[in-house]
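Before any comments, here is the structure.
Any read-out appearing in this document is the output of simple, stated calculations on the displayed coordinates, not a laboratory observation. Values in this document were obtained by computation on a predicted structure and should not be read as measured data. Cβ placement follows ideal geometry from the backbone for every residue including glycine, while neighbour counts extend to all protein chains displayed.
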Amino acid sequence: MSSSLTYRLRTRPVGLHGDHGDESWGLAWAALEWLEANVQPGWHTLETGSGHSTIVIASRGAVHAAVTPDPGEESRFRAACAELGVPTDAVTFHIGPSHVVLPTLPATPLDLVLIDGAHGFPYPVIDWWSVASRVRIGGVVLLDDAYMPPVAAIIDGLRGDPAWEIESTAGYRTVILRKRAETLPHFDWDGRTVGGRMSFRYLPPGPRVVASARHRFFSTRLGLRIVALVRRNAGLRWRKTG
Ligand SMILES: C[S@@+](CC[C@H](N)C(=O)[O-])C[C@H]1O[C@@H](n2cnc3c(N)ncnc32)[C@H](O)[C@@H]1O
């Protein structure tokens, strides 16, 4: 772990987001560790949004596409990778909102997709729907910020669906779906709640309690001040915790 890229980013986070590139809206460290451990050289991968995740996926030698409306993220990504010694030749940025860009991309089969772009309803659902048929059977979709109702709607809707196994989580926020078949979801609604309230219900009971308490604490003024203090050494502004 101590020599891993995730560890290096954790020690010195890179500012890739915001108007001045001095913010990091990154994935939780556990999810970055998962990407670093699981993405294989030569995999075809795609993400909505970009950031630390793009650096880690590039470092694994994947043929990667990142979709973001902010062109500044690409230049900051390439500069950061040059400093970190991460090759970027196999990474393509597609600039624009994902609901516009994804339908225009070639239908290359995908081994892994990370959905972490626009989080407002219905964009996470549109992102999942736009890539679902391109994910190869056995491939994975990572849904970040799964406690947010527009993301949770995908998990609630796919629970019990034979085509998508809700396999595990990486940290508290990121759910890993594995594609098992090509079948479509049911056309009829079966009465279940989809989206609902913000919650960590995809976690087992113990981690669920911890994640809820953490989230509640880090949403208070005191919690936010503690996060700001801890992060101050990195010289960055942070939006997410974990
Ligand atoms: C939470 S950040 C992604 C963090 C990244 N996964 C990381 O590890 O640092 C959200 C990203 O979505 C991008 N974004 C915002 N609106 C978007 C949209 N409509 N389509 C695609 N990406 C969008 C932002 O520019 C940003 O790169």
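Things worth noting here:
- Taking MET148, MET198 and counting other C-beta atoms within 10 Å, the order from fewest to most: MET198, MET148
- Within the range 169-211, the chymotrypsin sites (Phe, Trp or Tyr not before Pro) that combine a DSSP coil assignment with at most 12 other C-beta atoms in a 10 angstrom radius are PHE187, TRP189.
- The convex hull built on the alpha-carbon positions of the range 103-218 has an orientation-averaged projected area of 7.6 nm².
- Residues with amide H under 5 Å from that of GLY139, placed H, sequence gap 5 or more: LYS179
- From the largest down, the chain spans 51, 43, 32 angstrom on the principal axes of its Cα atoms.
- For the range 5-10, putting each phi into the Karplus relation 6.51 cos²θ - 1.76 cosθ + 1.60 with θ = phi - 60° gives couplings of 5, 4, 5, 5, 5, 5 Hz, in residue order, rounded to whole numbers and with x for Gly and Pro.
- Put simply, the amide H of GLY96, placed in the peptide plane, has neighbours under 5 Å in THR68, ASP70, leaving out anything fewer than 5 places away on its chain.
- The simple spin-label model puts a point 7 Å past each Cα toward its Cβ; for SER133 and ILE95 those points are separated by 3.0 nm.
- Summed over qualifying helices (DSSP H, 4 residues or more, each -39500 (n - 2.57)) and divided by its residue number, the chain shows a 222 nm mean residue ellipticity of -10500 deg cm²/dmol.
- For the chain, built as a Gaussian network whose Cα springs stay under 10 Å, the top-fluctuating residue of ARG208, ARG221, ARG178: ARG221
- Relative pair counts by distance (%), Cα atoms of the range 1-85, 10 Å bins: 18, 56, 25, 1
- Inter-centroid distance (Cα atoms) of the range 1-50 relative to the range 133-208, Å: 22
- Its Cα centre serving as origin, the chain has a Cβ charge dipole (Lys and Arg +1, Asp and Glu -1) of approximately 1020 debye.
- Gaussian network model of the chain, springs between alpha carbon atoms under 10 Å - residue of GLY206, GLY160, GLY72 with greatest fluctuation: GLY206
- Within the range 4-54, chymotrypsin sites (Phe, Trp or Tyr not before Pro) in DSSP loop having at most 16 other beta-carbon neighbours inside 10 Å: TRP25
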